[in-house]
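In what follows, a single structure is set out as structure tokens and then discussed.
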Amino acid sequence: MAQYIDPSVIKEFEDLPDLSDSDDDGAWDDEDDGGAAVRCLFCASTQSSPEETFSHCRTRHQFDIRQLISRHGLDVYGYIKLINYIRSTNCTVESLSNVADPTPWDKDEFFKPVIPDDGLLQYDIEDAQCESLSTEEFSEPSLFDRMTQAEIRARLAEETLANAIKELHRMRQLAQDFVMNADVRCGSSSAGAIADLDEEEDGTYFGSYGHFGIHEEMLKDTVRTESYKNFMYQNADVFKDKVVLDVGCGTGILSMFAAKAGAQKVYGVDQSEIIYQAMDIIRLNNLEDRIFLIKGRIEEIDLPVEKVDIIISEWMGYFLLFESMLDSVIYAKDKYLRAEGAVYPDRCNISVVALCDPEKHTGKLAFWDDVYGFNMSCMKKDVVPEAIVEVVNPDTIISDPFVIKDINCLTTTVKDLDFCTDFSLPVTKDGVCTAVAGYFDMFFEKDCHTPVSFSTGPTCTRTHWKQTVLLLEKPLAVSAGKTLDGKITVRKNRKDPRSLIITLSVNSLTQTYLLQ
């Protein structure tokens, strides 16, 4: 399967002159103003030319790029990807010296320049193998350079078009699958094989996290963000001199909290495009010496260290498990965490509570019985199976909560995240149960002298997760002092593993819901 090529990579080469006008080299001459500073690969210093930059790297950082090019037999493609790999991952000279084939930069994602108009990307690597370099040779791009860049532009354009066609076919298939997904729409609870998550299937998911809006919403969620900050700042001894992995780092806020709390090194990993903004944020806050960001899925990249001491992540979705990001944290834990290491948050649970809200029930379901004098009750079969994410009015709660799932993040497995359990809700008010609502609580406790926790429940401060409401098609009369007993099954949707299928049974009623 071809790797995903970000269309923005093509954009970097669109301004190159057209080689069809081979008699006119003026366009190339105009672009070479000779005044752009070239930044070092390993520090913030700049030089006036690529040759001086490489000389600086040899004397200051003991890094000779000619040796690396020769050792791995790099052509111009490999050289371009090497430069962008170094700039995007903030890797060390030591890690580069220990690289074995296949090289970690041999991925198409590293065709995208990290620094606009990077002088090192215009360098003719044939000259990198010479002992002496003349100034005239670098006054303008060589013909070989021009041809190479044009070839890259053409090849990437072809791959992007091929990927766009594949994406179109994939979306068409998803639409067909949704229509044919009878096990969800008709209420079947039969288990199916869980589809593997891959980069192509996750394109839309990661794309949604590339926009600043969703990160703004999460950062403004003070319950969420301040809980992480308080946990790290108030338990700085847990992080002192530790190596930390931030899974799904987003804008880098948790990575920066960890660094400020005393972490020696923090590796942030994220597949979405927001990581490029995160790199700028890290530099703006002068933390690039301790925070190193890597673009990619944690399941597909290789960290420059064998093990880490701590894994932090804000992986929670609606009803806790929506989006399946805990799967990635579990993968990272199994591969990178030291035997005595810790995962934070280290514990969490899911609770359910009974609701009595006839007005909302009428608005969502009974409404279809009489729509301007017409019976549209057949619409209910589409309304009922859809789990609703909304803020629950605390006044509508008519039972004590019941914890349906406890999760120890250090020991849980992916298999544990599909579960079925009985529940018993102590009813506190006479009324009619119109829905069951679910929410989750998070705990930062392991080795903490100041434990921190937060809840997304309806009686607590509102969070961006809100609550997940499962409407009952037929409300149930309940009495205070009695219990509302039932069973709930939660599993990944085999058609879309990031969504959830929830089956709820109360009394003799069984309904299946899709949370997507």
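The values are calculated or read from the model by the stated rules, or taken from the named source; none is laboratory data. As the structure is a computational prediction, the values presented were derived from the model and not from experiment. Here the Cβ positions follow ideal geometry from the backbone for every residue, glycine too, while neighbour counts run over all protein chains shown.
Of the numbered conditions (1) modelled with pLDDT of 95 or more; (2) part of a loop (DSSP other than H, G, I, E, B), W315 fails exactly one; give the number of that condition.
Only one criterion is unmet by W315, namely (1).
I need the helices (runs of 4 or more DSSP H) fully contained in the stretch 213-308, keeping only those with at least 3 residues that are surrounded by fewer than 15 Cβ atoms within 10 Å (Cβ to Cβ) and either among the polar types (S, T, N, Q) or free of Cβ contacts under 8 Å to residues at least 24 places away in the same chain (or both).
Per the criteria, 274-284.
Report, by residue number, each residue of the stretch 339-366 that is assigned to a strand (DSSP E or B), over 22 Å from K242 (Cβ atoms) and of a type in the set (V, I, T).
Hits for the stretch 339-366 are I350, V352, V353.
What tally of residues in the stretch 39-68 results from selecting those that are farther than 28 Å from V266 by Cβ and touching a Gly at 6+ places or on another chain (Cβ under 8 Å)?
Counting residues in the stretch 39-68 that are farther than 28 Å from V266 by Cβ and touching a Gly at 6+ places or on another chain (Cβ under 8 Å) gives 2.
Results for (1) within 22 Å of R338 (Cβ to Cβ); (2) in contact with a Lys or Arg (Cβ under 8 Å, 6 or more places away or on another chain), shown as yes or no for each residue.
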position	(1), (2)
D309	yes, yes
E314	yes, yes
F319	no, no
E323	no, yes
D327	yes, no
